[in-house]
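A short worksheet on the structure shown next.
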Amino acid sequence: MSQSLHLFTPSTLSKQCYSYPKPSFPTFNRRFTATSVRFSSIRACSSDLDPSSSQVLLASDNGKGGGVLTPVTRPTAQAVDSGSIEVDAVTEAELKENGFRSTRRTKLVCTIGPATCGFEQLEALAVGGMNVARINMCHGTRAWHRAVIERVRRLNDEKGYAVAIMMDTEGSEIHMGDFGGASSAKAEDGEIWTFSVRAFDSALPERTIIVNYDGFAEDVKVGDELLVDGGMVRFDVIEKIGPDVKCRCTDPGLLLPRANLTFWRDGSLVRERNAMLPTISSKDWLDIDFGIQEGVDFIAISFVKSAEVINHLKSYIAARARDSDIAVIAKIESIDSLKNLEEIILASDGAMVARGDLGAQIPLEQVPSAQQKIVQLCRQLNKPVIVASQLLESMIEYPTPTRAEVADVSEAVRQRADALMLSGESAMGQFPDKALTVLRSVSLRIERWWREEKRHEAMELPDIGSSFSDNISEEICSSAAKMANNLEVDALFVYTKTGHMASLLSRCRPDCPIFAFTTTTSVRRRLNLQWGLIPFRLSFSDDMESNLNKTFALLKARNLIKSGDLVIAVSDMLQSIQVMNVP
Ligand SMILES: Nc1ncnc2c1ncn2[C@@H]1O[C@H](COP(=O)(O)OP(=O)(O)O)[C@@H](O)[C@H]1O
Ligand SMILES: C=C(OP(=O)(O)O)C(=O)O
Ligand SMILES: [K+]
Ligand SMILES: [Mg+2]
């Protein structure tokens with residue numbers, strides 16, 4: 001017998017109870033063995049609900065009070081198709097090998113570039129644990145990106161993965177152009193380089209860099225310091241000649257195509273007219289149209305300054321992408337985005353701590369605290385957050401990371417960010433698979449350590465719902481997560497159509513993995529970015545008993561669960577919690 005707790009609001013009551021006038025209880029998972037659920041703990045968990053409202057809280061064990069419970073399970077379930085369940089091959093193998101507890105909770109995003117764009121290379125990344133493939137519209141042509149998207153889709157179709165696609169816009173901050181073929185250029189100490197806003201028809205003269213922002217030559221002043229990629233290479237501005245700006249290299253280093261440029265005067269970042277550049281450039285809008293057409297899962301917006309641009313983009317997408325819901329990720333990488341952080345995150349479907357450019361706009365020593373703040377705020381507001389850039393930078397060239405890099409990855413995992421991202425390491429590095437393996441193994445180890453030490457940070461999670469029904473879902477998820485930890489259950493199951501209830505569970509960062517069952521492939525792919533979720537595609541009905549039976553049968557047939565496993569199931573159709581052993 002399962003033990004269940006259902007919350008009814010007046011609206012769910014009228015829909016679910018009164019429409020079934022002749023309830024007959026007891027089909028309710030009779031076969032499940034009783035578990036040692038302490039209902040006191042359930043009540044305690046639920047006691048935060050508003051007592052003055054007219055909701056009814058029903059708890060059942062062994063059928064007591066079951067007459068009232070019946071309506072929850074429709075007596076004659078609509079024939080549930082006996083269809084299949086979709087889970088990716090890697091997760092399946094991991095679950096079989098290591099059991100639930102040791103599945104990885106932190107998700108992994110890989111930037112795809114020349115080193116990883118082939119089908120076999122993409123497959124190797126999927127095998128290595130890539131949850132999301134990121135394409136960066138700063139680089140490559142649309143045809144190149146389309147081919148990558150097609151390969152990822154084929155990989156998903158043919159091999160059962162659910163790798164999501166994230167398209168990252170170029171944005172209109174100042175950056176350098178390409179080097180006309182060369183993949184990089186070396187700037188040596190004392191060399192004089194020309195930064196120019198001219199269009200060159202033929203090959204670029206030696207030591208010349210094109211700058212994408214027309215106002216550049218007017219805005220900089222002699223004496224300014226010019227930083228490439230936040231200081232990877234530095235120049236002093238020594239002379240201005242019309243569209244050309246002559247600079248002397250003071251900190252030598254490697255110049256990469258399209259690297260970001262900032263200029264500093266008297267120790268402060270200069271934000272002249274370039275601060276007025278639109279967040280989404282006209283080229284970005286074309287790329288966004290491309291992303292909508294291709295049905296990407298996420299669009300990440302560079303250099304977001306305010307919530308307005310996010311709202312605007314979301315209505316643009318809503319008007320054009322009728323069938324697919326594309327999530328919008330705000331990249332936090334500018335001073336303005338930090339100033340308007342909360343409104344930006346609230347408006348977005350997720351955020352990225354884009355430390356590359358962020359570190360070029362604020363002093364480097366402020367980046368760690370900004371990261372911590374962004375990660376924490378995202379969790380409180382229930383938005384997935386990605387920590388990005390230079391996590392394993394040295395692995396672009398070397399097969400092992402530095403100890404400092406491992407410590408940095410560990411810190412992001414310990415902060416319980418939803419996802420970690422590889423940039424150059426996977427796009428053009430020499431060891432993309434090894435870099436991914438490092439992210440995977442460090443995540444697994446730190447997560448385990450954290451669980452073993454029971455170092456749960458009791459983060460205050462404020463109510464975020466805008467309706468009473470939303471509040472109920474939040475309470476159910478936080479109670480279910482707490483119960484899962486206290487009872488040391490093997491897994492949480494969540495049946496969710498939109499994915500919202502799964503994200504609420506993920507937000508609680510429970511000790512056990514969360515099996516998220518959803519009806520559409522696109523929601524399943526999007527859930528792949530969120531901490532702790534193992535998304536499955538499954539068609540299900542409003543009848544939880546039949547859903548559970550079907551799920552158990554399908555998962556058992558694939559050896560993903562076994563009799564006796566203890567599971568807590570929640571659903572967003574019924575707003576219920578059930579605790580049971582797998583029969
Ligand atoms: N589609 C692509 N085509 C060619 N090179 C790419 C592509 N995507 C990424 N790269 C390379 O990988 C590096 C790291 O990627 P990323 O961090 O996304 O870009 P950026 O360095 O411009 O911020 C880039 O500087 C570029 O050299
Ligand atoms: C992820 C980032 O953005 P991009 O790689 O597009 O510059 C960053 O700046 O850290
Ligand atoms: K970008
Ligand atoms: Mg950036």
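Each value in this text was obtained by applying a stated rule to the coordinates, not by laboratory testing. Predicted model only: the values in this text are computed from it and were never measured. Note that each Cβ is placed from the backbone with ideal geometry, even for glycine, and that neighbours are counted across all protein chains shown.
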Beyond 25 Å, how much of the Cα-Cα pair distribution for the range 123-235 remains, as a whole percent? 42 percent
Which order, highest average first, do 261-268, 444-451, 121-128, 199-206 follow once you tally other Cβ atoms within 10 Å for each residue and take the mean per peptide? 121-128, 444-451, 261-268, 199-206
Here the range 502-513 yields Karplus 3J(HN,Hα) values (6.51, -1.76, 1.60; θ = phi - 60°; whole Hz; Gly and Pro given as x) of 5, 5, 5, 5, 4, 4, 6, 6, x, 5, 9, x
Taking H as built 1.01 Å from N, whose amide H comes closer than 5 Å to the amide H of residue 175, not counting residues under 5 places away? 212, 213, 261
For the range 540-583, radius of gyration divided by Kirkwood radius, i.e. Rg to Rh on alpha-carbons: 0.96
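Determine, for 258, 537, 525, 234, the number of other Cβ atoms within 10 Å of each Cβ, and report the residues in order from fewest to most. Before the final figure, lay out the partial values.
Details: 258 15, 537 21, 525 25, 234 18.
The fewest-first ordering by Cβ neighbours comes to 258, 234, 537, 525.
Mind giving me the FRET efficiency for residue 141 and residue 183? R0 is 25 Å, r the Cβ-Cβ distance, nearest 0.05 is fine. Walk me through the intermediate numbers first.
Values: r = 16 Å, r/R0 = 0.64.
The formula returns an efficiency of 0.95 here.
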For the range 176-236, take every pair of Cα atoms, bin their distances at 5 Å starting from 0, and report each bin as a whole percent. 4, 15, 29, 28, 18, 6, 0
Enumerate the calculated ³J(HN,Hα) couplings along the range 378-392 in order (Karplus 6.51 cos²θ - 1.76 cosθ + 1.60, θ = phi - 60°), each rounded to whole Hz, writing x wherever the residue is Gly or Pro. 4, 5, 4, 8, 6, 10, x, 10, 10, 9, 10, 5, 6, 4, 9
Overall dimensions of the range 436-559 by Cα: Rg and Dmax, Å: 15.2, 43
Using θ = phi - 60° and the Karplus relation 6.51 cos²θ - 1.76 cosθ + 1.60, list the HN-Hα couplings for the range 406-411 in order, rounded to whole Hz, with x at every Gly or Pro. 4, 5, 5, 4, 4, 5
Sticking with the crude label model, points 7 Å out along Cα→Cβ, report the distance from residue 403 to residue 222 in nm, one decimal please. 4.9 nm
Compute the semi-axes of the equivalent ellipsoid of the range 393-449, taking the square root of 5 times each eigenvalue of the Cα gyration tensor, and list them largest first in whole Å. 19, 11, 9
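Which value, in Å³ per residue, describes the convex hull spanned by the Cα atoms of the range 296-374? Please report the intermediate quantities before stating the final value.
Details: hull volume 5.9 nm³, N = 79.
Spelled out: Cα convex hull of the range 296-374, divided by residues, is 75 Å³.
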Rg to Rh for the range 506-573: what is it, with Cα atoms only and Rh by Kirkwood? 0.94
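As a footprinting exposure proxy, order 222, 233 by other Cβ within 10 Å, with the fewest listed first.
On the way: 222 12, 233 22.
Fewest-to-most ranking of 222, 233: 222, 233.
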Name the residues of the range 492-523 whose amide N is less than 18 Å from a point 7 angstrom out from the Cα of residue 318 along the C-beta direction? 498-500
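Considering only the other residues whose Cβ falls under 9 Å of the Cβ of residue 137, what net charge follows from Lys and Arg at +1 and Asp and Glu at -1?
On the way: positive: 142, 283; negative: 168, 170, 284, 287.
So the environment of residue 137 carries a net charge of -2.
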Cα-derived Rg over Rh, computed across the range 185-272 with Rh taken as Kirkwood radius: 0.92
